[in-house]
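Visitor: Dropping a structure here in structure tokens format, bear with me for questions.
Only the coordinates and a few stated rules stand behind these numbers; no lab work does. Predicted model only: the values in this text are computed from it and were never measured. Glycine gets a Cβ as well: all are built from the backbone with ideal geometry, and neighbour counts include every protein chain shown.
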Amino acid sequence: MTERIVRAVAARKVFRLPDGGRFSAVDGVSLDIEESATVALTGSSGAGKSTLLHLFGALERLDGGTIEVAGHDVGNLSRRGLAAYRRSVGFVFQRFHLLSALTAVDNVAAPVLPFRTGYDPRARARELLELVGLADRADALPSRLSGGQQQRVAIARALINRPRLLLADEPTGNLDSRTSASIMDLLLRLRDECHTTVVIATHDPIIAARCDVVHRLCDGQLERAEPPSPS
Ligand SMILES: Nc1ncnc2c1ncn2[C@@H]1O[C@H](COP(=O)(O)OP(=O)(O)OP(=O)(O)O)[C@@H](O)[C@H]1O
Ligand SMILES: [Mg+2]
């Protein structure tokens, strides 16, 4: 039986506007995500996709409702718990956010280098680069990598802590359609081989169609949840 990894109940994020007003970017979202599922968050620009991903990753503070991830009450973590929780979740950004002075392998290892890990971070980083098909580019600087290769490095970096949950914000937004498809192949392979739950914010209907579940946001609210596709 599949387990639930995420449960959001009436989750809300309120931003203050410059005129002093308030605005709910995520406005009472309730949803469950099953472990090892691939889930697309779609919706037009400003619908609240990134904000919801940030709430799942505890990168933003929750202003109402609850979000539970793998048993963690994300809205009520202590400062220490928050830091540990953030390290336990993988986050992939649209613009890769690689450190330009570091090689691919050092970018992948960077999140754990300050910590005692019990393993060799660079050895694990090389394994991850192999997983994403970049073993031969491990010592290259980001400036020597294509956009798709940089995104693979960013995905490998997001996996360094063996996250059960990988949150990807428009991971193919800056890539051509062929490279997008190969990044999506990789994300689906992670689901199959590592049982990682993958939540992807995307505008791309082709990417969304390859996910198990599609949630559509409109003005911070969930429009509908489509049932898993038969494939
Ligand atoms: N830090 C912030 N302060 C104020 N308003 C914000 C902040 N971050 C986001 N918003 C607003 O919240 C709404 C939702 O933003 P969000 O970035 O979640 O949308 P999105 O669905 O990811 O859009 P896109 O597809 O363009 O990335 C938008 O109206 C945005 O302007
Ligand atoms: Mg966004």
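Visitor: Two decimals is fine: what's Rg over Rh for the range 1-132, C-alpha atoms, Kirkwood radius as Rh?
Guide: With Rg and the Kirkwood Rh in hand, the quotient comes to 1.01.
Visitor: Among Val6, Thr196, Val108, whose Cα lies farthest out toward the positive end of the dipole of the chain, if unit charges sit on the beta carbon of Lys, Arg (+1) and Asp, Glu (-1)?
Guide: Val108
Visitor: Sort the following peptides by mean Cβ neighbour count (other Cβ atoms within 10 Å, averaged over residues), highest first: 19-26, 142-149.
Guide: 142-149, 19-26
Visitor: Now, a different point. Working out 0.36 nm times the residue gap between Glu35 and Gln221, then minus their Cα-Cα distance, what length gain in nm do you get to one decimal?
Guide: 64.7 nm
Visitor: Pop the C-beta distance of Ser146 and Val9 into the FRET formula with R0 = 41 Å and round what comes out to the nearest 0.05.
Guide: The calculated FRET efficiency here is 0.50.
Visitor: What net charge is computed for the residues neighbouring Arg80, neighbours being all others with C-beta under 14 Å from the C-beta of Arg80, Lys and Arg scored +1, Asp and Glu -1?
Guide: +3
Visitor: Based on DSSP H assignment, which helices of the chain show an axial Cα extent of at least 20 Å together with a mean Kyte-Doolittle hydropathy greater than or equal to 0.0?
Guide: Counting only whole DSSP H runs, no helix qualifies.
Visitor: Between Glu130 and Arg178, what length in nm is gained on full extension when 0.36 nm per residue of separation is reduced by their alpha carbon distance?
Guide: That pair, Glu130 and Arg178, stretches by 15.2 nm at full extension.
Visitor: For Ala110 and Asn76, FRET efficiency with R0 = 22 Å and r from the beta-carbon atoms, rounded to 0.05?
Guide: The computed FRET efficiency comes out at 0.15.
Visitor: Could you give the nm distance between label points at Arg22 and Ala84, where each point is 7 Å from its Cα heading toward the beta carbon?
Guide: Simple spin-label model gives 3.2 nm for this pair.
Visitor: What spacing in nm lies between the two simple spin-label points modelled at Ser44 and Ala101, each 7 Å away from Cα in the Cβ direction?
Guide: Each label point is offset 7 Å from its Cα along the Cβ direction, giving 4.4 nm.
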